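Below is one structure, written out as structure tokens, with a few remarks after it.
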Amino acid sequence: MKLALIGFGQAGGKIADEFVAYERRTGLDIFTAPVAVNTAKTDLHGLEHVPTDNRVLIGQARVKGHGVGADNELGAEIAEQDIDEVQAALDEIPVHEVDAFLIVAGLGGGTGSGGAPVLAKHLKRIYTEPVFGLGVLPAADEGGIYTLNAARSFQTFVRESDNVLVFDNDAWRRTGESMAGGYEEINREIVRRFGMLFGAGETEGNDRVAESVVDSSEIINTLAGGGVSTVGYAAESVRDDDGGLRSRIRRDDDEAFDETNTTNRITSLVRKAALGRLTLPCDLSGTERSLLVVGGPPDQLNRKGIERGRSWLEEETGSMEVRGGDYPLPDSGTVASAVLFSGVHKVPRVKELQQVAIEARENIDRLRAEREDNLDRLLNEGAEEISPLY
């Protein structure tokens, strides 16, 4: 799958940067001319892998390169005003080679939270290719203003995009973990899951063709119809005790045992991926569409295991629209399963986010009113005989 990747804001830029690093490590060719957009110079300078020419600074007339200070209304205004600067960078992308656009943003801040929905709306107006979002929700302990930003941005981003894949920081931050270390690990987890998903149909440099190919149309059709998506992932090493890959030369009397063992491993990994930690925790019943990708050494993949995994997913989600296939990785020592659940709607975290945002909005309004009253008392009580300067 070929994606036009745009990282919007600080979090979006860092995740886009990590995607490019992942692409280079794995030898994949997924992201076409990745772009990073921000209102803060320092955030753009801190990127390591997005090409310098593809880093776009917007809002210089308004914020002088210092960011928007978690004001996502200002972030949206700047994105609308400077959309031509972003489009100029996107004009360098050979769109005829692109299957879809992917806008990555943290939804709790200012620039990405405000700008990502604006860009999604713009791209859908200009291009026929689908526009997907990858939105990161803030952890609960990041503060009320970030929760309020995320709630407002989330509903707008979902409305303006063809589908939004969601990663919830609140489900992944570990107690006692430093903020910087926590976000680095989260970014790696995001890239590991979505990288496998988007790279599934990659054939460049891979002489092993999948039995059941997962190509870009499978992914696009799973995401089609709009809404919200989440991804599960599970992996297991298949190396021998001496550290080498399991032998691919099987004795005839071992073949039946090996096939059963491989089938059971795949089925187990599918269950672990679906029932383990999702990028956005939710109740899978009622999921509209799903996509299963199983990757690993070709001799560790088989059609029966994948078919059983798909059948189990149909039962678990109540959907008959479950796609799936294998992703041969000859040099890998790991079998991994990634499952995309699209059109999920039983998501307690979103309801919680909305409720906390309402409370935060009420608190902000109350504090603003109190501040005005306090300032009025400070300046006027006991100062009746003092006339103002003008």
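The values are calculated or read from the model by the stated rules, or taken from the named source; none is laboratory data. None of the values given here were measured: they were computed from a predicted structure. Cβ: placed from backbone, ideal geometry, glycine included. Neighbour counts: every protein chain shown. Only protein heavy atoms, including side chains, enter the accessible area calculation; ligands, DNA and RNA are left aside. Shrake-Rupley method; radii C 1.70, N 1.55, O 1.52, S 1.80 Å.
Quick notes
- GLY12 satisfies every condition listed in (1) open to solvent by 10 Å² or more (accessible area, probe 1.4 Å); (2) within 25 Å of ALA140 (Cβ to Cβ) except (1).
- Picking from residues in the range 336-360 that are crowded, with 16+ Cβ neighbours inside 10 Å, at pLDDT 90 or above and over 16 Å from the mean Cα position of the chain (by Cα), the one that is nearest to VAL228 (Cα to Cα) is VAL347.
- Filtering the range 23-44 to residues that are open to solvent by less than 60 Å² (accessible area, probe 1.4 Å), closer than 23 Å to GLY75 by Cβ and assigned to a helix (DSSP H, G or I) leaves ASP43, LEU44.
- Residue match in the range 371-378 (condition: more than 19 Å from ASP170 (Cα to Cα), among the acidic types (Asp, Glu) and either in contact (Cβ under 8 Å) with a residue 40 or more places away in the chain or crowded, with 21+ Cβ neighbours inside 10 Å (or both)): no
- Only a single item in (1) within 18 Å of the chain's Cα centre (by Cα); (2) open to solvent by less than 30 Å² (accessible area, probe 1.4 Å); (3) at pLDDT below 95 is not met by GLY135, and it is number (3).
- Total residues in the range 326-354, condition part of a helix (DSSP H, G or I) and either farther than 17 Å from PRO281 by Cα or in contact with an Asp or Glu (Cβ under 7 Å, 6 or more places away or on another chain) (or both): 1
- For beta carbons closer than 6 Å, sequence separation of 6+ or different chains, a first residue in the range 127-156 that is in contact (Cβ under 8 Å) with a residue 60 or more places away in the chain and a second that is of a type in the set (Asp, Glu) and crowded, with 23+ Cβ neighbours inside 10 Å, the qualifying pairs are LEU137/ASP168.
- When residues in the range 266-310 are screened for being surrounded by fewer than 17 Cβ atoms within 10 Å (Cβ to Cβ) and not in a helix (DSSP H, G or I), 6 of them pass.
- Selection count, the range 154-167, where residues are more than 9 Å from GLY133 (Cβ to Cβ) and surrounded by fewer than 24 Cβ atoms within 10 Å (Cβ to Cβ): 3
- Answer from ILE126, ILE145, ILE103, ILE186 - the residue that is open to solvent by less than 30 Å² (accessible area, probe 1.4 Å) and either modelled with pLDDT under 95 or over 18 Å from the mean Cα position of the chain (by Cα) (or both): ILE186
- Residues being part of a helix (DSSP H, G or I), in contact with a helix residue (DSSP H, G or I) (Cβ under 7 Å, 6 or more places away or on another chain) and at pLDDT 95 or above are represented in the range 45-59 by at least one member.
- Evaluation of VAL356 against the conditions (1) without any contact (Cβ under 8 Å) to a residue 24 or more places away in the chain; (2) in contact with a Gly (Cβ under 8 Å, 6 or more places away or on another chain); (3) not basic (Lys, Arg) shows that the sole unmet condition is (1).
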